[in-house]
Structures are given as C-alpha cells and as structure tokens.
Amino acid sequence: MSRQLRQRLGFTLLSLTTLTVVLPILLLVGYIVVQGAPAISGEFIVAMPRDGMRAGGLWPAIVGTVLLTLGTAIFAVPVGVAVAIYLAEYARDNLFTRLIRLAIINLAGVPSVVYGLFGLGLFVIFLQFGASILAGSLTLAIMTLPIIISTAEEALSAVPRSFRIVSFSLGGTKWQTVRRVVLPQALPGILTGVILGLERAAGETAPILFTVAAFFLPRLPHSIFDQTMALPYHLFVISTQVPGMPVHIQYGTALVLLIFVLSMNVLAAVMRSRFRAKRQW
Amino acid sequence: MWFEPLTEQQATLNVTMSSNPRNQTTILERLIERFIRVTGILVILFLALIFLFLLREGGATFFEVTLRNLLQTRWYPNEGHFGLLPLILGSLMVTLGAAVVSLPLGLLTAVFIAEVAPRWVREILKPFIEVLAGIPSVVLGFLGMLVVSPLIREYMGAPTGLTALSGSLMLGYMALPTIISVAEDALDAVPKSYRDAALALGATHWQTIWRVTVPAARSGILTAMMLGVGRAIGETMAVMMVTGNAARMPLTLGSFLMPVRTMTATIAAEMGEVAQGGAHYHVLFAIGLVLFFVTFIINLIAAWTIFRQGKRYGRLLS
C-alpha cells in the first residue's frame, strides 16, 4: 500500500472518528429540542407545578436555579478573581505558589458528589445553616472556584508586559497598575471564565442534593435560609422518582435546563470572539 | 460590545492622569494587597476543609463497622451489611468501560482537530466540544434512560437497558471534552520545526503525525487521559440514572450487560434517606473519603507532569 493511500485512509478514519463524537451529541440535543419544544409555553415557565408535578410549570425550579447561580457568583467571583490576581501579578515561583496551584488542580478534580458531602458536613450541619440556599450557594461556589481562577489568571497573564512597564515607569504603584491597566484589559477574558464557571454551577445536581434542593416545594423561597427547588434536581426527580410522569413535561424540563445553561455558554463564546477581534495587542 | 480594549497609548494616559501624585502606597491599597495575598491561602484551606469534614463525618466508620464487614461482597445497609467491594468494582468497571470508549475516540479526535482539520472546521469543532462540556450531567443521564438504554436492551439482548454498558457509554462521552481539549493543547504545543523537519525528510503528513508529533506530545496526552478517567470516576448523576444501581459483584465480562452500582451513585441515592450519625451515614462519608483519595492521587500525578513541563494549566480545569 502506498504511503499516500495510507495517509488518505488514515485521514478518513480520523474524520469518521470525529463524526462519531459529534453526531450522537447533535442527534441527542436535537431530539430534546424536538420532543421538548411542544411542552414549552408561557405557563410552563411561570406557573407553579401542580398535581404532584405532573402538570403546571417550572417557576420555583427556575427561580431556585437563578438564585443559586447568583449566590454562587457572589461568593466565587471576588475570591476567584482575587486568587487569580495574586497568582498572575504578585506570586513568585516558589513552593507556596506551587502548593496553591496544586490545590487548585485538586479542587477541580474532587467529584461533585463529594462536594455535596462536604457542603452537608460543613455548611448544613457544622455551621447549622440547614439545607438552605446559603449552604447550596457556598458549596457550588467552592466547586466553581478552580474554573474561575484558572481562566481569570490566563486572561491576566495574557496582558502584555509592556503595559505594566509603562505604568511603572510613569510612577504607578503595583496596585495602581493592576487596578487601572491590567484589570481593565483582562476584564472580558475574566468575565468569560466567570460565565463558564457559573454555567457549570447552574447545571450541577450532586452538590445541591443534600445542601439545598427540595423535592417538591411549590412556592418561592422566603430567605436565604430557605430550601428551594432547582432545575437540574427537578429533572432528576421527575425522570426517576415520580411514576406516571408525562414524557413531554420531562423533555420540556430538559430543554429549559439545556437552554438556560447553553445560553450562558454561547454568551461566553460570543464575548470571547468579539474581544479577540477588537484587541490590538 | 461594551468593552473597548485600550491601545497602549490610552492605557498610558489613564495612568498618568489618575495616579497618586505623591506616588505612595495608600493604606487602602495595602489592605487590598493583603486581602489578595490571603485569598491564595484560602484555596489550600478549602481543600483541607473538604478532607477534614469527610474525615469528621466518615472517620467513625472505622470504629463502628469492622474491616471484615467492609470487605465483604454484600451491600445491604438496612441489615448491617456494608460490603464495599461491589461498589468499588462497579465504579472500576464503569470507569474501565468509559476509558475504552473515550481514550481512542478522544485521542483521534484531538489529532484530527489539531493536525488535520482545515481552519474553518476547527473553528466549529472547538466551541462544539466546549458546549458538550457544558451539557449538565443530569440531562445526559435523562437521555441515557430514555434513548440509549432502550437501544441497548433491544440490540444487545440485555434484560434491562440500565446496565454497566449504558453507564460506560454515557461516561465515555462525558470524559471526551476533557481528553480532547487537553490532548489538543499538548499537540498544539509541539514546535512547528519538528513537523517541518519530518516533512523535509520526505515523511508524509500521516507519518509525521504518528512518528513525530504524537510522540513529542505524549506526556500531555497521558495527562489528558488521566484527567478524563478522573472525571469518569467522580461522575454521579448520569451514572446513577443509567446503570440500574444493583449492588452486585460484577465479575465477568457479561456483567457489562447487567446493572451495577457505583460508589458515587450509592452516596447520591442513599444520603437523603439515612439517619444522621448512624453507621450507614458514616459509611457513606467513608465512601466519599475513598473517592476523594482516588481522584486526589490521579490529579496529583497529572499536576506533577504539568509542573515538570512548566505548562500553563488553564485548560485542564475547564
């Protein structure tokens, strides 16, 4: 067999493999859209669930997921960005810095259900927050930190050194340089990372299982110490725990969750490409 | 877009106009810098806290339940049988299946994206892989139950579609984004001169890929595979929904067509129903401790290879 023929066969194999990865995903997502679209209506979004969740809408679950995502952002964004600034601008390459990076990589690898156990042990039981929006948000926030830190640090490191040197040469202090030169330049990249991190938090089920999620609670939460329904857990409940559940409601719920999460993904992608096109360095 | 990236001159101007005339660090600045330095320690603290609280709630297991009980083959918590072997083997089996699915697919797709695909295809595929990473695990589990399982029941002759095989397939696809993006980064990092040299010596593009580029990127590719497998072990929701959750010993190859139960699914399914502070409760935390250690070691090895090469580690985490 000639080398050229072998190459052509090889490239065909590679394209076929890639198709094997891409096609099932496209088909499955398309299937959810087709099956779920008929269920979606104004009422499906803003009504309370009725008849043991077999009718009505998703309102408390949607509100719950929005609240949890916001709560996650409140805790994870300041800490995540601060750690990123530390690593990108202040840290020297020493043992302590390596230890921090090691911790970040390991935090990223902790299974989501173990975060759930941790949240239960620390926030729900030890700090006595109970199963609450506060406990769930904190658990999700710690889980989200590695993603925010790593993308934010990359955005900060990408700002050219000359920007900093110019600022120093004009008499800017370290913090002035970070605050007024580096941070504004890296902001779009940081926001992209924040959105990707929050997207992950919004779609997670295992960390909220024991820390906040309510099986069926057809009202909106009263305070941050209240339990709440959440979209991912709701989808789990209606697809495994409720007998006689109408299929179109299941697909509709899956579609709403998918739209919720993937629209954040698209937002991040658009921001990134816009920013890259406009960037002049 | 509301961000106008500054040109270098504008950035310069900004500093000149607004910098502190006496050019001294103010107290507020020092406080902020102090805060930023402290947050670095927070990350280490969180990891330590996770370990401590797993130990706090799970440590009692080793006083309440005998080692003999933990190492038996029956998991019947209601009758005091806490045999972890079926759960550990279940996790291993599903993870092994996921590796068989995802390692070749992931490597070949990464090679395609990094080395072969034309630019426009790459511009479509890379965001697509990111989208795949963003699909919530519960949605994949739901699809696995309603679409994939019936197919397996029908075409593989399994008595039920909720099997270890279904779990392996779902997990394999869930590990793909990690494997593809990290491996692709590693391939991208191979200097162009390596390829040029091979091509100049008369090698075909195909030969160059497998004899020069992939071997040069091998440690990064290994890292990719390890992280992918690490993700697979820790996956919870999709696995719980499609594997049928029967705690039985999977000992033969035929077990792939039978239900299994993983460690993660056991925690997720049972923690809601146990009495706080009982033996069952403690054992579930102890399983969490085992999971924590396993993923910790995998990530430690991965981190070590990354540090040795002085690589950026951003893509590994997303």
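Of the trypsin sites (Lys or Arg not before Pro) in region A:13-119, the ones in a loop by DSSP (not H, G, I, E or B) with at most 13 other beta carbons within 10 Å are A:Arg92. When the Cα centres of region A:130-157 and region A:1-64 are compared, how far apart do they sit, in Å? Answer, in whole Å: 26.
Every pair of different Cα atoms in region A:123-166 enters the Kirkwood calculation, which places the hydrodynamic radius at 12.9 Å.
Remark: chain B carries a charge dipole of roughly 620 debye about the Cα centre, counting +1 on each Lys and Arg Cβ and -1 on each Asp and Glu Cβ. If you take the charge dipole of the protein assembly as shown about its Cα centre, with +1 on Lys and Arg Cβ and -1 on Asp and Glu Cβ, which of A:Leu23, A:Met245, A:Gly193 is farthest toward its positive end? Towards the positive end, the residue furthest out is A:Gly193. Taking the Kirkwood radius as Rh and the Cα radius of gyration as Rg, the protein assembly as shown has a ratio of Rg/Rh equal to 0.98. Mean residue ellipticity, 222 nm, helices only, chain A: the sum of -39500 (n - 2.57) across DSSP H runs of n ≥ 4, divided by residue count and rounded to 500, is -23000 deg cm²/dmol.
For region A:58-278, what does the relative contact order come out to in percent, with C-alpha contacts under 8 Å and a separation of six or more?
Relative contact order for region A:58-278 comes out at 30 percent.
Among B:Met258, A:Met143, B:Met249, B:Met93, the ranking by other beta carbons within 10 Å of each residue's beta carbon, starting with the fewest, stands as B:Met249, B:Met258, B:Met93, A:Met143. If you run the Gaussian network model on chain B, springs between alpha carbon atoms under 10 Å, then out of B:Arg119, B:Arg30, B:Arg231 the most flexible one is B:Arg30. Highest GNM mean-square fluctuation among A:Thr211, A:Thr69, A:Thr20, for chain A modelled with Cα contacts below 10 Å: A:Thr20. Taking other C-beta atoms within 10 Å as the exposure proxy, B:His280, B:His81 rank B:His81, B:His280 from fewest upward. Under 5 Å between amide hydrogens, which residues at least 5 positions from B:Trp75 or on another chain qualify, with H placed 1.01 Å from N in the peptide plane? It is B:Gly83, by chain and number. With respect to chain B, whose longest principal axis is taken over its alpha-carbon atoms, helix B:8-18 is tilted by about 90°. Ellipticity at 222 nm from helices only: DSSP H runs of n ≥ 4 in chain B, each -39500 (n - 2.57), divided by the residue count, give -21500 deg cm²/dmol. Let me make sure I get this right: for chain A, a, b and c are the square roots of the gyration tensor eigenvalues over alpha carbons, sorted descending. Under 1.5 in a/c it's rounded, otherwise prolate if a/b > b/c, else oblate. Which is it? Cα axes put chain A in the oblate bin. For chain B, a Kirkwood radius taken over Cα pairs fed into Stokes-Einstein (10 °C, viscosity 1.306 mPa s) yields D = 69 µm²/s.
Of interest is the spacing of the C-alpha centroids, which for region B:145-200 and region B:50-66 amounts to 36 Å.
Model label sites at B:Leu45 and B:Lys192, defined 7 Å from Cα along the beta-carbon direction, differ in position by 4.7 nm. Taking 0.36 nm per residue of separation and subtracting the Cα-Cα distance, full extension of the segment from A:Val22 to A:Phe215 would add 66.1 nm.
Read the figures in this text as sums done on the coordinates, not as results from a lab. Only a predicted model underlies this, so the values are computations on that prediction, with no experimental measurement involved. Glycine gets a Cβ as well: all are built from the backbone with ideal geometry, and neighbour counts include every protein chain shown.
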